[in-house]
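Taken together, the values in this text are just the output of simple stated rules run on the coordinates, not laboratory data. Only a predicted model underlies this, so the values are computations on that prediction, with no experimental measurement involved. Cβ atoms come from the backbone with ideal geometry, glycine included; neighbour counts cover every protein chain shown.
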There are 2 protein chains.
Amino acid sequence: MRLSEGVEWGIHCATLLAVVPPERTLSAARLAEYHGVPAPYLTKHLQALVRAGVLDSVPGPRGGFRLVRPAADLTVLDVVEAIDGVDPSFTCTEIRRRGPTRLPAREYGVPCSIHVVMDRADAAWRAELQAVSIADLVREVVQRAPARALEKGIGWMQEVLA
Amino acid sequence: MRLSEGVEWGIHCATLLAVVPPERTLSAARLAEYHGVPAPYLTKHLQALVRAGVLDSVPGPRGGFRLVRPAADLTVLDVVEAIDGVDPSFTCTEIRRRGPTRLPAREYGVPCSIHVVMDRADAAWRAELQAVSIADLVREVVQRAPARALEKGIGWMQEVLA
């Protein structure tokens, strides 16, 4: 069970966009520069975030990306599901309905117990990600990142937005 | 984030092996027959379960597979990790250490906050799977499966073990 690399990139981008002043944006090129990742591939993930209603894409020469709503109202789960999809991690192919014990489909009144357990674990995973907003992440990063890295980040942002 | 089909097969096999009498086994061919899945591909997953210490492979004409220990002491997580691996679902590539804010590695004293959140969710997922033993699953299946399917399963098992 692996999340795509795009999930890491997407969460980092959302966290950075959360500290961009309202009405301003960052372009895909700037987001790629800040994170040291290839712009074309990052753009693909940014577009997925737009499609899922996490980011706005603002056209024009001063256009770029911004969060669709305040970072306190966006969760890590929103970003993860935008990039990785909303399908549960476990796919039940109903193998209980094959082989010598099989019965007509109508006789299976309740979901397979194995399916239930796997879905419960998936829900616990999503609940953890939903409990953390992008604003929470910004606070965490500000508290825990090396002070020098924060200074450099602020300097970069001032230059880019100047 | 998707688990392989082998996870479903492996959990079903472990649940079935939990009701095989002690000292008896089921062959890969019988396990495949019961679940209506292709034996060669199932064998690959059974071997992974042996390697991970979930199943014993007993050689000889009456050989086959059995649980290494009582079903109450094996968890769904044991089976899932045997087939899907133990690596966390999120891979942190430390993109915070790239781009204009990067610092020498020694200056990052604590893990990236994004990494921490993702690992916490992964741990919640695993905790749910660890909380359910294979014996718990057997109880659930017996309580919830259609009575006719259980009867057929018991009939099949009696015939196979005769």
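Near B:VAL138: Cβ cut-off under 15 Å, other residues only, Lys/Arg at +1 and Asp/Glu at -1. The net charge is +1. Test of understanding: in a Gaussian network model of chain B with alpha carbons linked when under 10 Å, which of B:ALA39, B:ALA105, B:ALA82 would top the mean-square fluctuation ranking? The residue with the greatest mean-square fluctuation here is B:ALA105.
Say we join alpha carbon atoms closer than 10 Å with springs in a Gaussian network model of chain B; which of B:ARG69, B:ARG102, B:ARG144 then has the biggest fluctuation? Residue with maximal mean-square fluctuation among B:ARG69, B:ARG102, B:ARG144: B:ARG102.
Relative to the longest principal axis of the Cα atoms of chain B, helix B:39-51 runs at roughly 60 degrees.
Summing Lys and Arg as +1 and Asp and Glu as -1 over all other residues whose Cβ lies under 14 Å from the Cβ of A:ALA39 gives a net charge of +2. Within the shell defined by Cβ-Cβ distances under 11 Å, the residues around A:VAL7 carry a net charge of -3, with Lys and Arg each +1 and Asp and Glu each -1. Across the identical copies, the label point of B:ASP87 (7 Å from Cα in the Cβ direction) is separated from its matches by 2.0 nm, in order from shortest. Averaging Cα coordinates gives a centre for the stretch A:1-19 and one for the stretch B:76-144; these two points are 16 Å apart. Relative to the longest principal axis of the Cα atoms of chain B, helix B:134-144 runs at roughly 60 degrees. Normalised by the number of residues in chain A, the average gap of Cα pairs under 8 Å and 6 or more apart makes the relative contact order 27 percent.
If I take all pairs of Cα atoms in chain B, what percentage of them are more than 22 Å from each other?
Details: 6666 of 13041 pairs.
Looking at chain B, the distances longer than 22 Å represent 51 percent of pairs.
Sorting A:ARG62, A:ARG139 by the number of Cβ atoms found within 10 Å of their own Cβ, with the fewest placed first, yields A:ARG62, A:ARG139. Against the main long axis of the alpha-carbon atoms of chain B, helix B:5-17 sits at an angle near 40°. Comparing B:ALA14, B:ALA149, B:ALA32 in a Gaussian network model of chain B, where Cα atoms under 10 Å apart are tied by springs, the biggest mean-square fluctuation is seen for B:ALA149.
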